[in-house]
Amino acid sequence: MKIAICQINPVIGDIEYNASLIKDATEKAKKARCELAVFPEMSLVGYPARDLLEKSAFVSKNLDQLERLSSEIWGISILCGYAERNPFNTGKPCINGVALIRDGQIISKGGKRLLPTYDVFDETRYFEPSRESMIFELEGKRGGVTLCEDIWSGAGFSGVPQYDVDPVSELANSGIDVLINLSASPYSVNKETHRLDLLKRLSKAYDIPVIFCNQVGGNDELLFDGLSMVVDQSESLIRLGKQFEPDIVIWDTDKTYEEIRDPWPPEEKTILKGLTMGTRDYILKCGFSKAHLGLSGGLDSALVAFIAREAVGASNVTGISMPSPYTSDLSRECARQLSENLGIRFEEISINDLFDNYKRALAPLFKDLQEGETEENIQARIRGNLLMALSNKFDSLLLSTGNKSELAIGYCTLYGDMSGGLAVISDVPKTLCYRLANYINKNGEIIPHEIISRPPSAELKPNQKDQDVLPPYDILDDILEAAVEENLGVEEIVARGHDSGVVKDVMRRLAFNEYKRRQAPTGLKITTKAFGYGRVYPIARGKQVY
């Protein structure tokens, strides 16, 4: 039997468009003489549809489209994810469903048994667990169908709970020849390794081949990386889909395949590709075609400019330098040279007069007071206003350029450099920003060397350096990784060898600046714990740090 594993990039809520993707991929599978085409979890509506699922009209439209889709499928079977209504009188109104379609009709339906509620997942808000998994017969083979979390029961990976139901074990005990998993599994660094380990573990435990079909695309903060896989009974990876791109992978159950060894590209390449896809999809799915950003002559804006160029093309990206009295000539030249290297449009708008006007207007109220952080923030907010004006006038999406380290401790200005529609690198620690910049330059200078080599500075006052008020970034990022991603407390982090005073100060800033992060633009998630939907802390709280 030939099976097509179709990793598509759906648009959440655009049910007709998603159906067209399914039909197009099905036709390609038919031309390749496949008997079965497999599509990702919730492929008809896009994942995660979130509160759209609470609208009865939305669920009805997806069910109507499923019926229309089934009438157009002939000469091949498909497995398609969709939103089903809960047929029982108790529980949530929907089931995360899967339909088997063949020759103009829906042959069978099943659903997701295990509903994740950790990190970015909140499926029990919308779904009732399905009471059984689907088993089907085709071309003399019995297939067992699971959806995403169903195969993670008892996986033992960090953050994944232990479930009291094991859908895979139940299916295996029913006698299946192949295990199929429809997924919308979001990317994080090294997630692909964990997935492959899990699939190998399942193939070994139950002596069956495993198919993993994953969604592709950026949906708000989540990046779906595809990398659909087939692992055979000998625990070998034998088929692998493209990363961060739509793809159709064909597996013939009667053929022998060589094992794919060392399948993963360098981490920096993967991260850049994911951020590029996420930026592109956010821009396009939100109805924009162009993007712009402020260019400070520093590392973060240079990295975001490169990603934007890769995402939507140089002709659709504008970089704006906005020098103040404290901006060095080197910063201005670095911004200009970066734009030239990238081939993007470059503009320069001085904020000197605007800054003077602000200070003049406030002088009567600020009489006899020293200049300080207030005046620094005014510069950032002037820049934010200018950039938002350009967004409004030219229908261009403003990209925010702050990194995870800054966002964590509040080294950023509300309504200033935090302004924008998308925070491209808000889950990228500063030390990783340096790694990515050096990787970009590995075959020649794209980001000017001076941007990478000189000490980072906000340039909001004379002779300012980040390390005047922050620990060295390697120390800061190590503390933040322990606190945010590993969820460790002060004493546990100090026990790793960090200075107690530094740790307490970082943790205090981390807690205090929740109010800033709550007002930040949506940021693309690449780590196991990003700021945003999957990390919910109170704003008004005691001063204690834990």
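The values are calculated or read from the model by the stated rules, or taken from the named source; none is laboratory data. Since the structure is predicted, the reported quantities are computational estimates derived from the model, not experimental observations. Here the Cβ is made from the backbone with ideal geometry for all residues, glycine too, and neighbour counts use every protein chain on show.
Summary table below
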{"quantity": "Matching option when the condition is surrounded by fewer than 17 Cβ atoms within 10 Å (Cβ to Cβ), within 31 Å of the chain's Cα centre (by Cα), of a type in the set (D, E, K, R) and under 19 Å from Pro186 (Cα atoms), among Asp24, Asp51", "calculated": "Asp51"}
{"quantity": "Region 98-130: number of residues that are in contact with a strand residue (DSSP E or B) (Cβ under 6 Å, 6 or more places away or on another chain), aliphatic (A, V, I, L, M) and buried (at least 19 other Cβ atoms within 10 Å of the Cβ)", "calculated": "5"}
{"quantity": "Matching option when the condition is in contact (Cβ under 8 Å) with a residue 12 or more places away in the chain, surrounded by 18 or more Cβ atoms within 10 Å (Cβ to Cβ) and over 21 Å from the mean Cα position of the chain (by Cα), among Val216, Val178, Val165", "calculated": "Val178"}
{"quantity": "Any hit, region 392-405, residues being over 13 Å from Ala520 (Cα atoms) and basic (Lys, Arg)", "calculated": "yes"}
{"quantity": "Failed condition for Glu259, given (1) assigned to a loop (DSSP other than H, G, I, E, B); (2) crowded, with 19+ Cβ neighbours inside 10 Å", "calculated": "(2)"}
{"quantity": "Residues of region 402-451 classified as farther than 20 Å from Ser321 by Cα, out of contact with any strand residue (DSSP E or B) (no Cβ under 9 Å at 6 or more places or on another chain) and either of a type in the set (Asp, Glu) or not in a loop (DSSP other than H, G, I, E, B) (or both), total", "calculated": "15"}
{"quantity": "Test: residue in region 35-58 that is under 30 Å from Thr528 (Cα atoms) and part of a strand (DSSP E or B)", "calculated": "yes"}
{"quantity": "Pairs with Cβ under 9 Å, 6+ apart, first in region 90-106 and more than 26 Å from Arg125 (Cα to Cα), second of a type in the set (Phe, Trp, Tyr) and outside any strand (DSSP E or B)", "calculated": "Arg102/Trp74; Asp103/Trp74; Gly104/Trp74"}
{"quantity": "Hits in region 100-123 (condition: part of a loop (DSSP other than H, G, I, E, B) and of a type in the set (Ser, Thr, Tyr))", "calculated": "Thr117, Tyr118"}
{"quantity": "Residue count for region 66-79, restricted to those that are part of a helix (DSSP H, G or I) and under 25 Å from Ile135 (Cβ atoms)", "calculated": "5"}
{"quantity": "Test: Leu237 is among the aliphatic types (A, V, I, L, M), under 29 Å from Arg142 (Cα atoms) and either surrounded by 21 or more Cβ atoms within 10 Å (Cβ to Cβ) or touching a His at 6+ places or on another chain (Cβ under 9 Å) (or both)", "calculated": "no"}
{"quantity": "Residue among Val469, Val484, Val494, Val502 that is at pLDDT below 95 and either touching a strand residue (DSSP E or B) at 6+ places or on another chain (Cβ under 9 Å) or surrounded by fewer than 19 Cβ atoms within 10 Å (Cβ to Cβ) (or both)", "calculated": "Val469"}
{"quantity": "Hits in region 186-216 (condition: touching a Pro at 6+ places or on another chain (Cβ under 7 Å) and among the small types (Gly, Ala, Ser))", "calculated": "Ser203"}
{"quantity": "Matching residues in region 55-69 - criterion: being basic (Lys, Arg), over 17 Å from Gly104 (Cβ atoms) and touching a residue at least 24 places away in the same chain (Cβ under 8 Å)", "calculated": "Lys61"}
{"quantity": "Pairs where the first residue, in region 520-546, is under 30 Å from Ile307 (Cα atoms) and the second is basic (Lys, Arg) and surrounded by fewer than 18 Cβ atoms within 10 Å (Cβ to Cβ), C-beta under 7 Å, 6+ apart", "calculated": "Lys529/Arg535"}
{"quantity": "Within region 124-149, considering residues that are in a helix (DSSP H, G or I) and touching an Asp or Glu at 6+ places or on another chain (Cβ under 9 Å), the one farthest from Val98 (Cα to Cα)", "calculated": "Arg125"}
{"quantity": "Residue satisfying all of: in region 219-242; free of Cβ contacts under 8 Å to residues at least 40 places away in the same chain and polar (S, T, N, Q); nearest to Thr527 (Cα to Cα) among these", "calculated": "Ser236"}
{"quantity": "Options Gly278, Gly297; residue that is surrounded by 19 or more Cβ atoms within 10 Å (Cβ to Cβ), in contact with a strand residue (DSSP E or B) (Cβ under 8 Å, 6 or more places away or on another chain), on the phi > 0 side of the Ramachandran plot and at pLDDT 95 or above", "calculated": "Gly297"}
{"quantity": "Identity of the residue in region 262-273, part of a loop (DSSP other than H, G, I, E, B) and touching a residue at least 40 places away in the same chain (Cβ under 8 Å), that ends up surrounded by the fewest Cβ atoms within 10 Å (Cβ to Cβ)", "calculated": "Pro266"}
{"quantity": "Subset of region 438-453 (residues that are in contact with a Phe, Trp or Tyr (Cβ under 8 Å, 6 or more places away or on another chain) and under 21 Å from Pro471 (Cα atoms))", "calculated": "Ile452"}
{"quantity": "Number of the exception - Trp74 against (1) touching a Lys or Arg at 6+ places or on another chain (Cβ under 9 Å); (2) at positive phi", "calculated": "(2)"}
{"quantity": "Options Asp505, Asp477: the member that is without any contact (Cβ under 8 Å) to a residue 60 or more places away in the chain and either outside any loop (DSSP other than H, G, I, E, B) or touching a Cys at 6+ places or on another chain (Cβ under 8 Å) (or both)", "calculated": "Asp505"}
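Rundown of residues vs (1) free of Cβ contacts under 8 Å to residues at least 24 places away in the same chain; (2) over 26 Å from Phe88 (Cα atoms), yes/no style:
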| residue | (1), (2) |
| --- | --- |
| Lys112 | no, no |
| Asp119 | no, yes |
| Thr124 | no, no |
| Met134 | no, no |
| Thr146 | no, no |
| Glu149 | no, no |
| Gly154 | yes, yes |
